[in-house]
Amino acid sequence: MTESSESAPTTQAQAGASTDDVRRILGDLDDAKVIDILALHPAVLDLEQASMWLAGDTDVFGAGQPLPPLAGEIVAILTADEEDEEQAG
């Protein structure tokens with residue numbers, strides 16, 4: 001008798017993201033932002049979704065669909081400086 005695994009194999013997009021993944025997908029970020037993003041334990045897919053959202057490719061998610069929560073947290077980290085500048089100006 002063989003044991004079967006009930007969980008599906010993890011794909012690259014579902015795998016935990018590394019520092020290299022963050023920089024490859026989101027660009028050259030300062031170390032503090034990379035650390036904040038990695039603290040969320042995102043998958044590569046989460047980084048890709050955040051990148052698409054920031055690039056204006058929101059139609060990828062479907063009409064009227066919100067940004068997934070973890071990708072939204074990544075976007076918030078990446079745009080925090082912009083929000084601070086708007087409030088100061």
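Computed from the coordinates by the stated procedures, all read-outs in this text should not be read as laboratory data. Model, not experiment: these values are computed from the prediction. Cβ: placed from backbone, ideal geometry, glycine included. Neighbour counts: every protein chain shown.
How far apart, in nanometres, would the label points at ARG24 and GLN65 be if each is projected 7 angstrom from Cα along the Cα-to-Cβ direction?
So the label points at ARG24 and GLN65 sit 2.4 nm apart.
At 7 Å along the Cα-to-beta-carbon direction for both VAL34 and ALA80, put a label point, then send me their distance in nm to one decimal.
Calculated label separation equals 1.7 nm.
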